[in-house]
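J.: Below are the structure tokens for one structure; questions will follow.
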Amino acid sequence: MTAEISQIRDAIVNGAGGDEIGALDLPESVLAAFTRKDQQDMFEGIPSEEKDPRKSLHVDQVPLPPLGPNECLVAVMASAINFNTVWTSIFEPVSTFAFLEKFGREGELGARHDLDHHIVGSDASGVVLKTGPGVTKWKPGDEVTVHCNYVDLESPEGHDDSMMDPRQRIWGFETNFGSLAEISMVKANQLMPKPKHLTWEEAACLGLVSSTSYRMLVSPNGANMKQGDVVLIWGATGGLGGFACQYVLNGGGIPVGVVSSQDKVELLHEIGVEHVIDRKAEAYSFWKDGHQDAKEFRRFGKKIRELAGEDPDIVFEHPGKQTFGASVFVVKRGGKVVTCASTSGYEHTYDNRYLWMMLKSIIGSHFANYKEAWESNRLAALGKIHPILSKTYPLTETGEAAYQVHHNLHKGKIGIRVLAPEDGLGVSDSELREKHRDKIELFRRFSD
Ligand code: NAP
């Protein structure tokens, strides 16, 4: 840690005011987790599960970029591992250096991102250090969470919904200078107020998966869930699923969670999800010899009906190839399959007769616009949703943390302490934390 960085960290931990923080000197370089362009072919020919993020994610000093208009430098107190960092680290389905090169062709500001290293990470909690020209809403010393929708809105297409902007990007995945660095560079319109009752590492889990789940389920841009809807949630204790369950319960829906172990079944019961399917114990095999087995779809559908009494109105999809055929099959006549990913493979096969004859629909969803991200952050600030944070690692062990997520060895989220010297810091409203103590203690029981 450079002298400047330890001064910044100490000032934040000791509660320095905005003027003091704004006057601090910035270092020329910071510690960050990154992949290297000269290694983007390192896993060629190796099966996905053997591609090891511990080999491709490096943690070392990298130079700080020059700050542009409407941008801020944020001291990152904590971050979290998202699956997109796994994708970047195994260079699948494409090397993210291709995104940086494309960005580099878009002018002077974009060219800053096209480097021989890619600083990853799409979630942060921290403190604003410097603001660029044009920033008026935020100032040094503000405690923030960061969402990852990186967009200028220069085109008309994004003005109803910024996710429709042709140049919309995911920060720390399609841009450089992501959150797994002591200081990160963001656009001012990525910032949101940090929920005051959360620790740095809890607040750092909210931006990406909570906002994505919010758009998929709650927003009219997604499935627009209503009271009483039965919602089948794949990976219900995962990053997305842990928030999806809470949004369904809060909105008066009936979640049916799918998980792969008994301890996850119990976790869901404890947070109020009554209907849970252990997919490993049930040994569903939707695919046999390269074909999908409708008998297995029926067995799965029967189980959902036994539990919830009816077919799901909505299926919350992200495993992709392995489950998509089953999701289309089991969703109710007129129901919606809302999907944001394809973890097990992006070429999906499903029997279209079940879709058109039963008037079902498939909704593609990707991250969230600023309003949706802000709304999901607000719900966390109100104590209505809370992260399942099972583990934290220091920045230096980012590779191991990404390895855990790659191999589905985690529950909920894995946090990364960046400048936060230990877990448990960052709460600025202890009265509010006390008010939500029961919920916080319940969720804390799921940490390893
Ligand atoms: P995660 O924390 O790893 O959780 C995913 C869960 O899915 C796992 O806990 C696992 O639960 C379940 N799962 C994995 N493979 C499965 C399979 N073959 N069949 C059934 N269930 C399976 O990941 P996440 O953060 O929730 O993200 C999930 C996916 O969504 C990733 O591909 C990620 O890149 C993508 N994503 C996309 C967006 C977007 O904006 N488009 C945003 C966030 C995430 P069990 O083993 O317990 O069943």
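All of the numbers you see were taken from the coordinates with simple rules; none came from a lab. All values derive from a computational prediction rather than experimental measurement. Because the Cβ atoms are built from the backbone with ideal geometry, glycine has one as well, and the counts that use them run over all protein chains shown.
J.: For region 223-364, report the % of Cα-Cα distances exceeding 21 Å. Spell out each step's value before the answer.
T.: Details: 3525 of 10011 pairs.
Of all Cα-Cα distances in region 223-364, 35 percent exceed 21 Å.
J.: Given 288/384; 139/371; 302/435; 295/360; 51/439, which pairs have Cα atoms separated by over 30 Å? Display every interim value, and only then the final one.
T.: On the way: 288/384 42 Å; 139/371 21 Å; 302/435 41 Å; 295/360 20 Å; 51/439 37 Å.
Correct reply: 288/384; 302/435; 51/439.
J.: In addition: Viscosity 1.002 mPa s, temperature 20 °C: Stokes-Einstein D of region 150-238 from its Kirkwood Cα radius, in µm² per second?
T.: On the way: Rh = 15.5 Å.
Using the Kirkwood radius from Cα pairs, D works out to 138 µm²/s.
J.: Let's test the formula: R0 of 35 Å, r as the Cβ-Cβ distance of residue 159 and residue 382. What FRET efficiency results, to the nearest 0.05?
T.: Given R0 = 35 Å and the Cβ-Cβ separation, E is 0.80.
J.: Could you sort 43-49, 341-347 so that the peptide with the highest average Cβ count within 10 Å comes first and the rest follow in order?
T.: 341-347, 43-49
J.: Label-point separation (nm) for residue 116 and residue 363, each offset 7 Å from Cα along Cα-to-Cβ?
T.: Between residue 116 and residue 363, the label points sit 4.6 nm apart.
J.: Short version: what are the Cα gyration tensor semi-axes of region 47-192, square root of 5 times each eigenvalue, largest first, in whole Å?
T.: Its equivalent ellipsoid spans semi-axes of 24, 19, 14 Å.
J.: In what sequence do 112, 445, 299 fall when counting other Cβ within 10 Å, fewest first?
T.: 445, 299, 112
J.: Once you treat every alpha carbon in region 21-92 as an equal point and sum by Debye, what is log10 I(q)/I(0) at q = 0.17, 0.20 Å⁻¹?
T.: Result of the Debye calculation: -0.79, -0.97.
J.: If you don't mind, another one. So between residue 41 and residue 19, what do we pick up on full extension, going 0.36 nm a residue minus the alpha carbon distance?
T.: 3.3 nm
J.: Something else: Name the residues whose placed amide hydrogens come within less than 5 Å of the amide hydrogen of residue 412, ignoring near sequence neighbours (fewer than 5 apart) on the same chain.
T.: 238, 239
J.: Report P(r) for region 346-448: all Cα-Cα distances, bin width 5 Å, range 0 to the bin holding the largest distance, values in whole percent.
T.: Each 5 Å bin holds this share of Cα pairs: 2, 9, 12, 15, 16, 15, 11, 8, 6, 4, 2, 0.
J.: Something else now. Under 5 Å between amide hydrogens, which residues at least 5 positions from residue 230 or on another chain qualify, with H placed 1.01 Å from N in the peptide plane?
T.: It is 254, 313, 314, by chain and number.
J.: Which order results if 182, 157, 296 are arranged by neighbouring Cβ count within 10 Å, fewest first?
T.: In order of increasing Cβ crowding within 10 Å: 157, 296, 182.
J.: If you wrap a convex hull around the Cα atoms of region 259-340, how much volume per residue is inside, in Å³?
T.: 99
J.: Taking +1 at the Cβ of each Lys and Arg and -1 at the Cβ of each Asp and Glu, which of 271, 358, 233 sits farthest along the dipole of region 223-364 towards its positive end, judged by Cα position relative to the Cα centre?
T.: 358
J.: Turning to a different aspect of this structure: In a GNM of the chain with a 10 Å cut-off on Cα contacts, which of 226, 288, 435 has the highest mean-square fluctuation?
T.: In this elastic network of the chain, the residue with the biggest mean-square fluctuation among 226, 288, 435 is 288.
J.: Please state the charge dipole magnitude for region 223-364, taken about the Cα centre, from unit charges on C-beta atoms (+1 on K and R, -1 on D and E), reported in debye and rounded to the nearest 20.
T.: 440
J.: Packing-wise, with mean Cβ within 10 Å as the measure, how do 88-96, 306-314 rank, highest first?
T.: 88-96, 306-314
J.: Next question. How many Å³ per residue does the convex hull of the Cα positions in the chain occupy?
T.: Taking only Cα atoms, the chain has a hull volume of 137 Å³ per residue.
J.: Which of 439, 194 comes first, and how do the rest follow, when ranked by fewest Cβ neighbours within 10 Å?
T.: Ascending Cβ contact count within 10 Å gives the list 439, 194.
J.: Going 7 Å from the Cα of residue 333 along its beta-carbon direction, which residues of region 360-380 have the amide nitrogen within less than 12 Å of the resulting point?
T.: Backbone N within reach: 360.
J.: At what distance in nm do the modelled label points of residue 346 and residue 266 sit from each other, each positioned 7 Å from its Cα along Cα→Cβ?
T.: Result: 3.9 nm between the two label points.
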